[in-house]
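See structure below.
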Amino acid sequence: MLIGIVSDSHDNLREVDKAVHYLRRAGVDLLIHLGDIVSPFTLLRFLQIESRSIVVLGNNDGDVLSLREIAHKAGAVMKMGYYITEIDGLRILMMHGYGSAEHAVEVATALARSGLFDVVMYGHTHRAEVRRVGTTTVINPGEVCGCLYGVSSIALFDTTTRKAEIVKL
């Protein structure tokens, strides 16, 4: 299964449209948004990908009631804080992250070190990374918005090969 992973879109519709276009062309089977969508109209753009969707809300998501309603109508899973699930036999933790960027990295690393997860996905820092901690793959897709570091990026993860890559848009 090919998973498209995004985070920190912050209503930058120009970059969101680039991400949606790329993910549709790539044929992702599942879209995961790791928070800071911000507004309902941005979530609607991501749901145009027409794949299964999981959304973990972040610290800057605004109209949570409308976001939940849109997600529900689209059949998307929406969670606050974090979400743990199994996909293709892999135990996956998804979260946004809170506090400082350093804190988010520390929490993701600690969760990976626990050995409880095959994959830990997180956002919040706006910095893209793919790394291994023991047997766990850690993925941060960076920022779709490109507003903090000037680089709009997403990630792809193939559950069959267990390969993750960062894609600059």
Identify the residues of segment 116-154 with backbone N under 18 Å of a label point that sits 7 angstrom from the Cα of residue 45 along the Cα-to-Cβ direction, or state none. 124, 126, 141-154
What list do you get for 54, 32, 87 if you sort them by fewest beta carbons within 10 Å? 87, 54, 32
Whose amide H sits under 5 Å from the amide H of residue 124, counting only residues 5 or more places off or on another chain, with H placed in the peptide plane? 8
Check residue 91: other-chain or 5+ apart residues with amide H under 5 Å from its amide H, H built from backbone geometry? 118, 119
Averaging 1/r across every pair of distinct alpha carbons in segment 62-112 and inverting yields a Kirkwood hydrodynamic radius, in angstrom, of 12.9
Residue-ordered couplings for segment 42-49, obtained by feeding phi - 60° into the Karplus form 6.51 cos²θ - 1.76 cosθ + 1.60 and rounding to whole Hz (Gly and Pro as x), are 6, 4, 4, 5, 5, 6, 5, 5
Net charge of Cβ neighbours under 15 Å - reference residue 91; Lys, Arg +1; Asp, Glu -1: -1
Which three extents, in whole angstrom, do the alpha-carbon atoms of segment 2-168 cover along their principal axes, largest first? 39, 33, 29
Using only Cα atoms and rounding to the nearest 10 degrees, what angle (0 to 90) does helix 13-26 make with the longest principal axis of the chain? 60
Using the Karplus curve 6.51 cos²θ - 1.76 cosθ + 1.60 with θ = phi - 60°, what ³J(HN,Hα) values do you get for each residue of segment 128-145, in whole Hz, with x for Gly and Pro? 6, 7, 10, 8, 10, 10, x, 9, 9, 8, 10, 10, 10, x, x, 10, 5, 5
Would you mind working out the magnitude of the charge dipole of the chain relative to its Cα centre, with +1 at each Lys and Arg C-beta and -1 at each Asp and Glu C-beta, to the nearest 20 Debye? 320
So how do 132-143, 148-159 stack up, highest first, on mean other-Cβ count within 10 Å? 132-143, 148-159
Listed with the fewest Cβ neighbours within 10 Å leading, 25, 91 appear as 25, 91
Farthest positive-ward along segment 2-168 dipole, Cα basis, beta-carbon charges - from 16, 28, 57: 28
Hey, can you grab everything whose amide H is under 5 Å from the amide H of residue 167? Only 5+ residues off in sequence or another chain; H modelled, so Pro and N-termini drop out. 154, 155, 156
Between residue 25 and residue 129, how many nm apart are label points set 7 Å from Cα along the C-beta direction? 2.9
Tell me which of 94, 159, 74 sits at the most positive position along the dipole axis of the chain, charges placed on C-beta atoms (Lys, Arg +1; Asp, Glu -1). 159
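Every read-out reported here was derived from the displayed coordinates using simple, explicitly stated rules and does not represent laboratory data. Just so you know, these numbers come straight off a predicted model, no measurement behind them. All Cβ positions, glycine included, derive from the backbone under ideal geometry; neighbour counts span all protein chains shown.
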